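J.: Just passing along the structure, written as structure tokens.
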Amino acid sequence: MRDLLARAEAGEGISLEETASLVAREDEAACRALYEAACRVKLRYVGNDVYLRGLIEYSNICARNCLYCGIRRGNGRIRRFELGLDEILGAAALAEEYGYGSVVLQGGERRDGRAVELVDEAVRGIRKAFPGLGITLSCGEQSHDVYRRWRESGADRYLLRIESSSRELFRRIHPADSDFDERLAALKDLRAAGFQVGSGVMIGLPRQTAADLARDIFFFRDLDLDMIGMGPWLPQHDAPLRDDTPETPEKAARRFRLGLNMIAVTRLLLRDVNIASTTALQTLRPADGREMGLLAGANVIMPNVGAVEHRADYQLYDGKPDLDENAAAIRAALERSIARIGGHIAYRTQGTPRHYLARLNRLSEG
Ligand code: SAH
């Protein structure tokens, strides 16, 4: 039988066990071969462009109590904030000025009318002021009607991570008021509302196995997702989720490697989707974590365009980088680091996932 990696690169179906064995690779040379194969597939299916999305963390007020998250409602030790409409539009203006093709509005999950209205106003405001800017939302689970409304107001994309496709793991990292099936239904509602849909998982969760992670990738494929955003799980000092044994640098390094492996194997199996190289990778390796994600097969980075003022209050996990860096400094550092690895930033383009465009084509032809 031909080499597993060669078969995966050629797009031949590989089994769940084989997928898990790729995800679990540890040996440096074997990992390098995996990332190089993923990059060849990336080049062939989505090209060498890196798309930037200006991240606007608009509020840390959250009605959920996820056991891993620093802005969970039960955390009484952070200052809660919500940006005003003018502040959100100001951040979007920066993204436009910097030539980022799109913005991401991310915040805690709230379903009350006022919170829904603020997002709606922000979307309409951005759409009107910057017609060419893509708008991605990451505002948690909402009703189908709310999703439709935001879509009609001009949002294009939505990120909602499943966090883990294993029901068992999902249950272990969430309180009883979070329901796996509801989250799954929300992902289907998003598709029905016409969004480009992104999801993802946390990597290296306590007691998560390589087989769990392989199943996550199959889950992404079964859901026909357009975008994948995933990163290593990072302990948060005020959040209750803990590993069975104390943190060590070796464990952090393992989660980082698993994060890169997941990007690479997802690229090999899903091919034409957009894959983000996330801040969690940068957290584990501030100097070059996200760049290594690009070299493992990712093609999207989400630099922060928000004001420094609220950065410290939006720490989903410990060690989040760039707490004192303003948007201009972040941009300059990113340009340098992407140039260093030979990446090419595609400015002033939305970078719509090829996978989404292909689906649209199929629908219009069918
Ligand atoms: N409330 C929104 C988005 C905000 S949280 C939603 O529910 O979709 C964005 C993402 O941060 C989460 O989906 C989760 O995967 C990630 N995250 C939160 N806490 C984390 C931690 N401790 N380590 C790694 N990622 C974390």
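J.: Would you tally the residues in the range 328-352 being buried (at least 17 other Cβ atoms within 10 Å of the Cβ) and of a type in the set (D, E, K, R)?
T.: 1
J.: Out of the range 148-162, which residues are open to solvent by 20 Å² or more (accessible area, probe 1.4 Å) and within 17 Å of I228 (Cβ to Cβ)?
T.: D156, L159, R161, listed by residue number.
J.: Keeping to the range 13-35, report how many residues are under 22 Å from the mean Cα position of the chain (by Cα) and open to solvent by 30 Å² or more (accessible area, probe 1.4 Å).
T.: So the count comes out to 2.
J.: With the requirement that a residue be away from the ligand (no atom under 16 Å from the Cβ) and part of a helix (DSSP H, G or I), what does the range 287-330 give you?
T.: The answer is E291, M292, L294, L295, V308, E309, A327, A328, A329, I330.
J.: Next question. If you take the residues in the range 94-132 that are open to solvent by 40 Å² or more (accessible area, probe 1.4 Å) and among the hydrophobic types (A, V, I, L, M, F, W, C), which one is farthest from Y314 (Cα to Cα)?
T.: A129
J.: Among D238, D224, which is in a loop (DSSP other than H, G, I, E, B), away from the ligand (no atom under 16 Å from the Cβ), in contact (Cβ under 8 Å) with a residue 40 or more places away in the chain and surrounded by fewer than 22 Cβ atoms within 10 Å (Cβ to Cβ)?
T.: Values: D238 fails: away from the ligand (no atom under 16 Å from the Cβ).
After applying the criteria, what remains is D224.
J.: Identify the single condition in (1) within 22 Å of the chain's Cα centre (by Cα); (2) buried (at least 22 other Cβ atoms within 10 Å of the Cβ) that A8 does not satisfy, given that it satisfies every other one.
T.: With respect to (1) within 22 Å of the chain's Cα centre (by Cα); (2) buried (at least 22 other Cβ atoms within 10 Å of the Cβ), A8 is out only on (1).
J.: Output the residue which, of all residues in the range 94-114 that are more than 22 Å from the chain's Cα centre (by Cα) and not in a loop (DSSP other than H, G, I, E, B), is farthest from the ligand (Cβ to nearest atom).
T.: Only one residue fits best here, namely E97.
J.: Which ones in the range 119-174 are part of a helix (DSSP H, G or I) and either aromatic (F, W, Y) or within 13 Å of the ligand (Cβ to nearest atom) (or both)? Don't jump to the end; show me each part of the working.
T.: Step one: of the range 119-174, the residues part of a helix (DSSP H, G or I) are 119-129, 144-153, 167-173.
Of everything in the range 119-174, those that are part of a helix (DSSP H, G or I) and either aromatic (F, W, Y) or within 13 Å of the ligand (Cβ to nearest atom) (or both) turn out to be V119, Y147, W150, L169, F170, I173.
J.: Now for a different question. So, in the range 316-327, exactly how many residues are surrounded by fewer than 19 Cβ atoms within 10 Å (Cβ to Cβ) and in contact (Cβ under 8 Å) with a residue 60 or more places away in the chain?
T.: Selection size over the range 316-327: 2.
The values are calculated or read from the model by the stated rules, or taken from the named source; none is laboratory data. Everything numeric here is computed off the predicted structure, so don't read it as measured data. Virtual Cβ from ideal backbone geometry, glycine too; neighbours counted across all protein chains shown. Accessible surface areas use protein heavy atoms only, side chains included; no ligands, DNA or RNA. Shrake-Rupley method; radii C 1.70, N 1.55, O 1.52, S 1.80 Å.
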